[in-house]
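Read through the structure below, which is laid out as structure tokens, and then see the notes.
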Amino acid sequence: MKYKKSFNEISLAVQFRHMAGLNSIRLAVADQLERITSLVTAGARCDVVVDNEHSARKEGVYEVSVRLHVPGQRLYVSQCTDSGATADVIYGMVYDVFDDIRRQLLKTQVRFDRQQLAMAIA
């Protein structure tokens, strides 16, 4: 099941695999995306996949992955996997992957600022 929404000029798509889509998880994703909107330019796209992997060897393995496409920049990717977890752990996993994306964005911004400073001095 896919969920698409335009969120402060960032297109958000949340997909649930092998599980029912929960509005509370969608709200947690939107809340975490709101935290990074100031670091992202307009036209960005965020794809979030929440997966409950289940097979003969993997039961109760949850994975949350985020791909953030920012025009003119590199692709930002983060994922978190937890085995033997309950569905309640997904909220913490959502926080962790968006925190990792935020750190990547800040690192890129600092790198860009250093390059601009070096060019101004030279």
Count of the range 19-39 residues which are among the hydrophobic types (A, V, I, L, M, F, W, C), surrounded by fewer than 13 Cβ atoms within 10 Å (Cβ to Cβ) and either under 19 Å from Q109 (Cβ atoms) or modelled with pLDDT of 90 or more (or both): 1
Among the candidates G72, G60, residue that is more than 16 Å from the chain's Cα centre (by Cα), surrounded by fewer than 16 Cβ atoms within 10 Å (Cβ to Cβ) and either at pLDDT 85 or above or closer than 22 Å to R103 by Cβ (or both): G72
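Any chance the range 82-94 includes a residue that's surrounded by 12 or more Cβ atoms within 10 Å (Cβ to Cβ), part of a strand (DSSP E or B) and touching a helix residue (DSSP H, G or I) at 6+ places or on another chain (Cβ under 6 Å)?
Taking the range 82-94 as the starting set, the residues that turn out to be surrounded by 12 or more Cβ atoms within 10 Å (Cβ to Cβ) are 82, 85, 87, 89-94.
When the remaining residues are screened for being part of a strand (DSSP E or B), the result is 82.
Subsequent filtering for residues that are touching a helix residue (DSSP H, G or I) at 6+ places or on another chain (Cβ under 6 Å) retains 82.
Yes, the conditions are met somewhere in the range 82-94.
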Positions within the range 7-18 being surrounded by fewer than 16 Cβ atoms within 10 Å (Cβ to Cβ), of a type in the set (A, V, I, L, M, F, W, C) and at pLDDT below 90, in sequence order: F7
Among (1) at pLDDT below 90; (2) closer than 30 Å to F112 by Cα; (3) aliphatic (A, V, I, L, M); (4) assigned to a helix (DSSP H, G or I), the one test that A42 misses: (4)
Matching residues, the range 47-57, being at pLDDT below 95, part of a strand (DSSP E or B) and either buried (at least 17 other Cβ atoms within 10 Å of the Cβ) or hydrophobic (A, V, I, L, M, F, W, C) (or both): V50, D51, N52
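The values are calculated or read from the model by the stated rules, or taken from the named source; none is laboratory data. What you see is a predicted model; the values in this text were computed from it and never measured. Don't worry about glycine lacking a Cβ; one is built from the backbone with ideal geometry, like all the others, and counts go over all protein chains shown.
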